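Each remark here refers to the structure printed beneath this line.
The values are calculated or read from the model by the stated rules, or taken from the named source; none is laboratory data. Since the structure is predicted, the reported quantities are computational estimates derived from the model, not experimental observations. Methodologically, a virtual Cβ is constructed for each residue, glycine included, from the backbone with ideal geometry; neighbour enumeration extends over all protein chains shown.
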Amino acid sequence: MSLAHRRPLWQFCPAHCIQLFLHFVGVLVLLDLHTHSIKSDDGRAKVENYCQWIRSKNLPIDGFVLTEHRQFDDESDYSALAEKFDLCILKASEVETEYGHVLVYGVTPGLQAEFDFGSISLSLARVIEASNAHGAIAVPCHPGRPRVGMFAHTDELGVPEGVEIVEIYNGGSRDQEDQIAIDNASQLGYRGIGGSDSHIVSHVGRCATRFDVEIKSIDDLVSALKAGQFEAVNLKSGN
Amino acid sequence: MAIATIQEVVFGEDLPTFEPDTSLAITKQFAALVGWGGARFSDHEAARKEGLAGAMVPGILNQGYLVAMIHHWAPDAEIKAIDTVFRAPVIADEKHTISGVVTVVNEEDGQVEIDLTVSNEKGETRVFGTATVQLPLA
């Protein structure tokens, strides 16, 4: 557990105390940026159950982003759940490119018209270009994973242009996948986010991203990501 | 303590963890019984030649272990549905742990939903899924 506020108060240095203060006054926000619900073909979690789980288990996250596979979920409205559980619930997408899977935050109708979200062979360059043109941001996820991670393809395809952020902590990572992501991100100057990649209720909140600005909407999230005002957090037990 | 009725179930409670027998001998025997011949279930070296990390435990045997774990917890439970997503092979002769946690409790109809995870010794999720389980009302 790497979250500062899980440690006894007397162990905090002044910087941690400031972080604690900011968290309690609502400026530090911790979001799980990569989750799936039953809207995804391999998702088994209902959004309401995520909310119940987070609150009943006192997870330290303030909300989560639903990144459904190969689609943007236009129809679901989670605002009532967000209000009931006092959680930030946002919607994004996870699309598939020749460099592996990519999270897209800030999906708009205009962006959806630019490419087929359901395709399993999108061009990463096209996804990044279209995302930037429509005020969204594309973030390759689990990049250290064989086959579906970006760094599995850079030897063959080269380092792609336009990537600024990658997911460095993924709750479903195996072996050295996160370390590969961290090492390559560091080498290439990418910033890192964290997300659980949860598909079942009890896996939510294993990894997250901490922001030092308020996030209440997808526009807030995209702005904070573009501004680099965040830090990946690994909340898996033993960390 | 075994669960007898829905009233005894608490939201968020962990089921007792279960260590399945993933020995190659069992894996090989099971694969032969169900007609799944092939080296990938019976021979580590041959499985490695197929690109695997070793011989695998068949998926339906893993599902059987998941069911067994639920019945250890609640012997009178009726498993209405069990749904698994295989993320990575469960390698024979490696220690694995099955964990379960109750994520939905419906006291009116006696049904609970359980998250299921098969993890290896490094804590990596190999299989996850959910089960819908009917328990006696009283």
Any hit, the stretch A:158-166, residues being at positive phi and either modelled with pLDDT under 95 or out of contact with any Ser or Thr (no Cβ under 8 Å at 6 or more places or on another chain) (or both): yes
Residues that are within 14 Å of chain B (Cβ to nearest Cβ), surrounded by fewer than 24 Cβ atoms within 10 Å (Cβ to Cβ) and in contact (Cβ under 8 Å) with a residue 12 or more places away in the chain, drawn from the stretch A:175-198: A:176, A:177, A:179
Selected residue (criterion: nearest to the other protein chains (Cβ to nearest Cβ)) from residues of the stretch A:148-174 that are surrounded by 21 or more Cβ atoms within 10 Å (Cβ to Cβ) and small (Gly, Ala, Ser): A:172
Enumeration of residues in the stretch B:1-22 that are within 14 Å of chain A (Cβ to nearest Cβ) and within 15 Å of the chain's Cα centre (by Cα): B:14, B:15, B:17
Residue B:25 being surrounded by fewer than 13 Cβ atoms within 10 Å (Cβ to Cβ), over 14 Å from the mean Cα position of the chain (by Cα), within 27 Å of residue B:132 (Cβ to Cβ) and not aromatic (Phe, Trp, Tyr): no
Of all residues making up the stretch B:25-60, the number that are in contact with a Ser or Thr (Cβ under 7 Å, 6 or more places away or on another chain) and among the hydrophobic types (A, V, I, L, M, F, W, C): 4
Test: residue A:145 is at pLDDT 95 or above, under 30 Å from residue A:56 (Cα atoms), out of contact with any His (no Cβ under 7 Å at 6 or more places or on another chain) and buried (at least 21 other Cβ atoms within 10 Å of the Cβ): no
Any chance residue B:136 is outside any strand (DSSP E or B), more than 10 Å from chain A (Cβ to nearest Cβ), surrounded by fewer than 21 Cβ atoms within 10 Å (Cβ to Cβ) and touching a strand residue (DSSP E or B) at 6+ places or on another chain (Cβ under 6 Å): no
Enumeration of residues in the stretch A:151-205 that are under 12 Å from residue A:34 (Cβ atoms) and in contact with a Leu (Cβ under 6 Å, 6 or more places away or on another chain): A:193, A:195, A:205
Test result for residue A:35, surrounded by 19 or more Cβ atoms within 10 Å (Cβ to Cβ), touching a residue at least 40 places away in the same chain (Cβ under 8 Å) and within 14 Å of chain B (Cβ to nearest Cβ): yes
Residue selected from the stretch B:79-133 under the condition basic (Lys, Arg) and outside any loop (DSSP other than H, G, I, E, B), by the criterion farthest from residue A:202 (Cα to Cα): B:80
Total residues in the stretch A:49-83, condition over 19 Å from residue A:220 (Cβ atoms), buried (at least 21 other Cβ atoms within 10 Å of the Cβ) and hydrophobic (A, V, I, L, M, F, W, C): 3
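Residue by residue, here is whether (1) away from chain B (no Cβ under 14 Å); (2) of a type outside the set (Asp, Glu) holds:
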{"position": "A:30", "(1), (2)": "yes, yes"}
{"position": "A:40", "(1), (2)": "no, yes"}
{"position": "A:45", "(1), (2)": "no, yes"}
{"position": "A:66", "(1), (2)": "yes, yes"}
{"position": "A:71", "(1), (2)": "yes, yes"}
{"position": "A:75", "(1), (2)": "yes, no"}
{"position": "A:85", "(1), (2)": "yes, yes"}
Cβ-Cβ under 8 Å pairs, at least 6 apart or on other chains, the stretch B:105-122 side within 13 Å of chain A (Cβ to nearest Cβ), far side of a type in the set (Asp, Glu): B:120/B:94; B:121/B:94; B:122/A:175
Condition broken by residue A:201, with the remaining ones in (1) within 14 Å of chain B (Cβ to nearest Cβ); (2) touching a Cys at 6+ places or on another chain (Cβ under 7 Å) satisfied: (2)
Residue B:100 vs. criteria within 14 Å of another protein chain (Cβ to nearest Cβ) and at pLDDT 95 or above: yes
Which numbered condition residue A:175 fails, given (1) farther than 30 Å from residue B:104 by Cα; (2) touching a helix residue (DSSP H, G or I) at 6+ places or on another chain (Cβ under 9 Å): (2)
